[in-house]
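The values are calculated or read from the model by the stated rules, or taken from the named source; none is laboratory data. Values in this document were obtained by computation on a predicted structure and should not be read as measured data. Note that each Cβ is placed from the backbone with ideal geometry, even for glycine, and that neighbours are counted across all protein chains shown. Just so you know, the surface numbers come from the protein's heavy atoms only, side chains and all, with ligands and any DNA or RNA stripped out. Shrake-Rupley method; radii C 1.70, N 1.55, O 1.52, S 1.80 Å.
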Amino acid sequence: MNEPVSSPRPSRTSGPGRVLIGVYALFFLAAAARAGVQLATQFHEAPVAYLLSAVAALIYGFSTFSLSKKGPLGWRMARIAAIVEIVGVLTIGTVSILAPADFPRATVWSYYGIGYGLIPLALPILALMWLRRTREI
Amino acid sequence: MQDWLKWSILGLGLLQALVGYVQFRRKQSPGRTDLVVGGVLTLVVAVQLVVAAVVLSGPKSIGEPVTLFGYLVAMLFVPAAALWWGRLDESRWGSLVVAISGLAMAVLAVRLGQIWATR
């Protein structure tokens, strides 16, 4: 069954989606660079915090890739990435407030990403909203 | 860090953000002005990169040189990457991409100043 053509769905990679992918790419770059430098030079000081930065970088990279990937598979991957992100930022944000001693060094997601203007918290929400508008499955 | 270089990057980044935002509001796609501002911005970052390399090879120490050069190299490509990505989209949203990249450059300029001053 074909859906009615009266309401054309916006393309996932253009318009606001282009802005979203751009910001994700920027965060991938920032988190990856930060994690790389920290893992190389200060890993022994707070291994868990730095590993979390690296994990965040991986997820941002995965989000950038899957949001740009056309087709239902890209859509599914992008949704999984956004859900993992929102769970991650809420969990790490809460733990960093409840047990700051375990986070001697800030990660991208500490305090819900306040060091990055709370953008890490906003990004997955915006991504999920955009994925809803461009639903492909 | 040379103050005039930091303020130049900061100012040009904010200018790029303003130009992009005005175009976004006017429903225009990125144009010539964005290219010129982005080009000058990249040039200033390149000058800063050379200055940092010269200072670092001398007796004076800079805080966290690895991070500093990481920032500078990334900043060298952000304006061009944003212009390329933004201009692929022939709509107002391309201008918003450019605007956000300008804001990011301004933030990076501030962080760069802090890293330079770290001892």
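Condition check for A:Ala82 on (1) open to solvent by 30 Å² or more (accessible area, probe 1.4 Å); (2) away from chain B (no Cβ under 14 Å): one failure, at (1).
Looking only at residues in region A:34-52 that are out of contact with any Lys or Arg (no Cβ under 8 Å at 6 or more places or on another chain) and either under 19 Å from A:Gly93 (Cα atoms) or surrounded by 20 or more Cβ atoms within 10 Å (Cβ to Cβ) (or both), the one that is nearest to the other protein chains (Cβ to nearest Cβ) is A:Arg34.
Counting only helices (runs of 4 or more DSSP H) that fall entirely inside region B:20-119 and contain at least 2 residues that are facing chain A (nearest Cβ under 9 Å), the qualifying elements are B:65-87, B:92-117.
Any residue at all in region A:73-84 that's in contact with a Ser or Thr (Cβ under 7 Å, 6 or more places away or on another chain), part of a helix (DSSP H, G or I), of a type outside the set (Asp, Glu) and under 19 Å from A:Leu39 (Cβ atoms)? Looking through region A:73-84, none of the residues is in contact with a Ser or Thr (Cβ under 7 Å, 6 or more places away or on another chain), part of a helix (DSSP H, G or I), of a type outside the set (Asp, Glu) and under 19 Å from A:Leu39 (Cβ atoms).
The C-beta contact set for region A:122-137 (first residue farther than 15 Å from A:Thr13 by Cβ, second residue of a type in the set (Ser, Thr, Tyr) and open to solvent by less than 10 Å² (accessible area, probe 1.4 Å), distance under 9 angstrom, 6+ apart or interchain) comprises A:Leu123/A:Tyr24; A:Leu123/A:Tyr60; A:Leu123/A:Ser63; A:Pro124/A:Ser63.
If the condition is being within 18 Å of the chain's Cα centre (by Cα) and acidic (Asp, Glu), then region A:71-113 contributes only A:Glu85.
Looking at this structure, is A:Ala101 touching a residue at least 40 places away in the same chain (Cβ under 8 Å) and out of contact with any strand residue (DSSP E or B) (no Cβ under 7 Å at 6 or more places or on another chain)? No, not satisfied. The single condition among (1) under 30 Å from A:Gly15 (Cα atoms); (2) of a type outside the set (Gly, Ala, Ser); (3) open to solvent by less than 40 Å² (accessible area, probe 1.4 Å) that B:Trp116 does not satisfy is (1). Taken together, the residues in region A:9-33 that are within 7 Å of another protein chain (Cβ to nearest Cβ), part of a helix (DSSP H, G or I) and not hydrophobic (A, V, I, L, M, F, W, C) amount to 3.
Exactly one residue among B:Ser95, B:Ser91, B:Ser29 is buried (at least 20 other Cβ atoms within 10 Å of the Cβ), closer than 23 Å to A:Val19 by Cα and not β-branched (Val, Ile, Thr), and that residue is B:Ser95. Checked against the criterion of being farther than 26 Å from A:Ala35 by Cα and of a type outside the set (Val, Ile, Thr), region B:101-111 contains not a single residue that satisfies it.
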